[in-house]
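A short write-up of the structure that comes next.
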Amino acid sequence: MDDSKVVGGKVKKPGKRGRKPAKIDLKAKLERSRQSARECRARKKLRYQYLEELVSSRERAICALREELEMYKQWCMAMDQGKIPSEIKALLTGEEQSKSQQNSNRHMKAGKTEANSNSW
């Protein structure tokens, strides 16, 4: 006699199929679970520290940019009133000096390369 049963159109045979229940020590399983939870909390703490540092650095950058923007607004208002801020004058004179230095350096380099090419 066949011990197989028909269930839902499929023939099922008696016996043990599939995964067998693992005989894992419950204490070891709980300890692994606790260790995993500790590691998860540590990772979470590190992630939050990183994000807090990131937020604070971005906030400092925002403050610096706001100060710079306010300075530029003041410069624009002064220029609208026909005044040239001393900072802009310094920038302009600094650029003129650096351009004249660059030009003199170019002339000196050009002279040196001509002298070097003539010595060959």
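Backbone phi angles across the stretch 29-34, fed through the Karplus curve with coefficients 6.51, -1.76 and 1.60 (θ = phi - 60°), yield HN-Hα couplings of 5, 5, 5, 4, 4, 5 Hz in residue order; Gly and Pro are listed as x. Counting only protein heavy atoms and using a 1.4 Å probe, the accessible area of Met77 comes to about 110 Å². Summing Lys and Arg as +1 and Asp and Glu as -1 over all other residues whose Cβ lies under 12 Å from the Cβ of Arg38 gives a net charge of +4.
Whole-Hz Karplus values for the stretch 66-73 come out as 5, 4, 5, 4, 4, 4, 5, 4 Hz, taken residue by residue from phi with 6.51 cos²θ - 1.76 cosθ + 1.60 and θ = phi - 60°; glycine and proline positions read x. How large is the Kirkwood hydrodynamic radius of the stretch 26-91, in angstrom, based on all distinct alpha carbon pairs? Across the stretch 26-91, the inverse of the average 1/r is 16.4 Å.
Each of Met71, Val55, Leu30 was scored by the projection of its Cα onto the charge dipole of the stretch 26-91, and the greatest displacement toward the positive side belongs to Leu30; charges sit on the C-beta of Lys, Arg, Asp and Glu. Each of Lys27 and Glu67 was given a label point 7 Å from its Cα along the Cα-to-Cβ line. The distance between the two points is 6.2 nm.
For the stretch 47-90, trypsin sites (Lys or Arg not before Pro) are listed when DSSP marks them as loop and at most 11 other Cβ atoms sit within 10 Å of their Cβ; the list is Lys83.
The values are calculated or read from the model by the stated rules, or taken from the named source; none is laboratory data. Please read all numbers here as calculations on a predicted model, not as lab measurements. Every residue, glycine among them, receives a Cβ derived from its backbone with ideal geometry; neighbour counts consider all protein chains shown. Keep in mind that these areas ignore ligands, DNA and RNA; they rest on the heavy atoms of the full protein, side chains included. Shrake-Rupley method; radii C 1.70, N 1.55, O 1.52, S 1.80 Å.
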